[in-house]
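Below: one structure, written as structure tokens.
What follows draws every value from the coordinates through simple rules; no lab data is involved. Not measured: the values here are computed from a predicted model. Note that each Cβ is placed from the backbone with ideal geometry, even for glycine, and that neighbours are counted across all protein chains shown.
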Amino acid sequence: MRGTTEVEGLLRELAPQVLGAVVRRYGHFDAAEDATQEALIAAAAQWPADGIPDSPRAWLIRVASRKLTDLLRSDQARSRREYQWQVTPDAGPAPDQDDSLVLLLMCCHPSLTSAAQIALTLRAVGGLTTAQIARAFLVPEDTMTRRITRARQRVKDSGVPFAMPGGDQRAGRLAAVLHVLYLIFTEGYASTRADLAGEAIRLTRMMHRALPNDSEVAGLLALMLLTDARREARTGTGAEPIPMAEQDRSRWNAAYIREGTELVTTALRTGPPGLYQLQAAIAALHDEAATAEDTDWPQIAALYELLVQADPANPVIRLNHAVAVAMTDGPRAGLAMLEDLCCDRRVTADHRFLTARAHLLEMAGQTCAAREAYHAAAGRAPTLPQQRYLHARAGRLTPRNA
Amino acid sequence: MKYMILVYGSQQDYDALGGNPAPGRPVWPPEDFAAMGSFMEKVAKDLTESGELVDTGGLTAPVHARRIQVRDGVPVVTDGPYAETQEVLAGYWIVECGSFDRATQIAARLAQTPGPAGVAETAYADIRPLAESREELDL
């Protein structure tokens with residue numbers, strides 16, 4: 001009997017290949033997605049007991065195709081339904097393309113909301129069940145089922161053919177995919193749900209295999225690896241956050257750091273640096289420092305400077321820039337930059353802004369103001385461990401003999 | 001993957017093509033007929049160049065069809081088995097291409113074959129996957 005985990009890993013790997021093959025052959029993206037999922041469920045039930053068939057991919061395609069036939073026949077509403085075919089200038093046959101990549105582009109179609117893009121990507125490309133996705137995003141399974149069903153329908157109705165988009169659309173559509181993968185990763189990272197972060201890494205790795213020369217894909221993969229490398233060390237036993245300066249660096253994932261650093265170094269050499277590459281380069285500088293004191297803050301501040309220029313509207317980048325400047329030129333310089341951000345409500349109501357401000361005030365020796373700022377940050381922090389941590393920081397600043 | 005694109009017509013459509021339309025059917029002037037021919041040739045040439053064309057052919061008028069059946073173990077022939085208005089297979093394209101969507105794109109191009117007003121409105125083509133193996137017939 002083969003391990004269930006082994007079968008599950010194999011099925012997740014094959015899921016986009018099977019769906020790709022079925023949609024390629026017969027179309028019907030929405031029904032094919034259901035049919036593929038049913039084939040995966042059948043395999044998950046049979047293979048651990050009966051053994052993995054000689055050609056698992058062919059087995060799944062055959063079963064999914066048969067399910068598709070059943071679904072199409074049972075759904076009379078689907079037959080005789082008219083929809084408009086997207087007439088595109090005849091570009092000739094499509095070059096050989098990676099089905100997983102085409103599916104990613106379909107799932108991140110611009111007609112969908114990002115919540116729908118994320119859910120559809122995790123199911124159709126990631127091979128997760130609706131129940132697993134619902135659990136990961138803490139929504140009821142029914143809600144997730146409806147979200148996925150609507151999203152699939154929408155993709156189908158958009159009439160987008162199963163093919164790589166043409167030159168003018170291609171870059172924008174790829175950027176949308178990277179953004180969705182990034183959101184899946186940050187969702188996993190923020191909630192410390194390693195499964196989502198791991199899934200984002202797996203999918204980005206897949207995309208990197210399909211587009212090895214795309215430096216932003218490499219940059220995003222590097223950013224994820226270099227960030228996730230600190231996962232074990234960034235929370236304490238009580239799930240309280242541990243700031244980077246206080247983390248046990250021996251618990252950082254050295255293999256991830258090595259791989260991420262190599263990726264971003266190569267990517268930066270190939271062309272003008274994109275947003276993900278710059279962020280990955282910053283993460284690499286943090287990861288490479290043997291101790292917090294060894295951190296190359298001037299270099300980090302310079303990279304943030306580039307990031308701010310590339311994406312001036314992003315308040316989180318500007319916030320991090322201010323912190324890097326504080327570490328380079330002293331807390332007052334950083335605090336002055338935070339003042340400039342104060343007119344942006346999105347930032348000032350965010351616990352990250354308040355936390356950074358509290359840290360800088362503490363560095364500047366403004367104890368009373370720092371204490372207040374920590375409490376204010378705690379009031380906005382989304383999780384209990386974070387709130388506890390921030391109150392504790394405030395508590396440390398209370399004069400002992402008062 | 002192979003797909004067959006099928007187009008249909010009745011004996012009346014054939015008559016119209018030959019310049020002898022039934023009442024209410026559009027007439028095909030010789031220049032329209034020629035334009036259709038050169039359009040089809042162009043498509044065939046492009047598909048040959050892209051390596052996607054397996055075969056294409058037009059079928060002669062339905063009146064020339066011969067049907068064979070077996071009755072009581074004996075083969076029986078019927079000449080001209082179709083009614084005048086019955087739509088039957090008139091032509092086909094077999095293409096080998098990367099996806100159903102690509103085959104559909106080719107058919108969409110064929111659907112824009114030029115012709116006299118009124119013809120395109122009633123014409124249609126079907127696209128069907130050709131089974132790659134006996135197993136696929138079983139799906």
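Worth pointing out:
- Taking other Cβ atoms within 10 Å as a rough exposure proxy, A:261, A:149 sort from fewest to most as A:149, A:261.
- Note on B:107-117: average number of Cβ atoms from other chains within 10 Å of each residue's Cβ is 1.
- Using the Cβ-Cβ distance between residue B:120 and residue A:69 with R0 = 30 Å, the FRET efficiency computed as 1/(1 + (r/R0)^6) comes to roughly 0.40.
- Built amide H within the under 5 Å cut-off of residue B:56, gap 5+: B:94
- Net charge of Cβ neighbours under 10 Å - reference residue B:77; Lys, Arg +1; Asp, Glu -1: +1
- Whole-angstrom gap from segment A:163-210 to segment A:37-68, using each part's C-alpha centre: 27 Å
- For chain B: Kirkwood Rh in Å [reciprocal of mean 1/r, alpha carbons]: 16.8 Å
- Near residue A:235, the amide H atoms lying under 5 Å from its own belong to A:242; only residues 5 or more places off or on other chains count, and H is placed 1.01 Å from N.
- For residue A:268, net neighbour charge (Lys/Arg +1, Asp/Glu -1) across residues whose Cβ lies under 12 Å away: -1
- Per-residue 3J(HN,Hα) values for segment A:319-332, derived from phi via the Karplus relation 6.51 cos²θ - 1.76 cosθ + 1.60 with θ = phi - 60°, read 4, 5, 4, 4, 5, 4, 5, 4, 6, 8, 9, x, x, 5 Hz in sequence order (x marks Gly and Pro).
- Electrostatic dipole magnitude of segment A:216-308 [Cβ: Lys, Arg +1; Asp, Glu -1; Cα centre; debye, to 20]: 200 debye
- Treating r as the C-beta distance of residue A:305 and residue A:262 and R0 as 25 Å, the FRET efficiency rounds to 0.50.
- Taking the Cα centre of chain A as reference, the dipole from Cβ charges on Lys and Arg (+1) and Asp and Glu (-1) amounts to some 1020 debye.
- Whole-Hz couplings from phi, Karplus 6.51/-1.76/1.60, listed for segment A:350-355; x for Gly and Pro: 8, 5, 5, 5, 5, 5
- Taking the Cα centre of segment B:2-132 as reference, the dipole from Cβ charges on Lys and Arg (+1) and Asp and Glu (-1) amounts to some 180 debye.
- Under conditions of 10 °C and 1.306 mPa s, the protein assembly as shown yields 57 µm² s⁻¹ as its translational diffusion coefficient, taking Rh as the Kirkwood radius over Cα pairs in the Stokes-Einstein equation.
- Ranked list, fewest to most other Cβ atoms within 10 Å of each Cβ, for B:38, B:99, A:100, A:191: B:38, A:191, A:100, B:99
- Cα-based helix-to-principal-axis angle, A:4-26 vs chain A, degrees rounded to 10: 60 degrees
- Take each residue in B:94-101, count the other chain C-beta atoms within 10 Å of its C-beta, and the mean is 6.
- Straight-distance crosslink candidates among aspartates and glutamates, where the alpha carbon sits under 16 Å from residue A:67 and sequence neighbours closer than 8 are dropped: A:30, A:33, A:34, A:38, A:75, B:135, B:136, B:138
- Taking the charge dipole of segment B:2-132 about its Cα centre, with +1 at Lys and Arg Cβ atoms and -1 at Asp and Glu Cβ atoms, the residue from B:65, B:99, B:36 reaching farthest to the positive side is B:65.
- Cross-link reach list, lysines versus residue B:42, counting only Cα pairs under 21 Å and skipping chain neighbours closer than eight places: B:2
- Across peptide A:23-35, the mean count of Cβ atoms from other chains lying within 10 Å of each residue's own Cβ comes to 2.
- Net charge, residue B:38 excluded, C-beta distance under 13 Å - Lys, Arg +1, Asp, Glu -1: -2
- When the Cα atoms of segment A:261-402 are aligned to their principal axes, the ranges along those axes come out at 58, 35, 30 Å in descending order.
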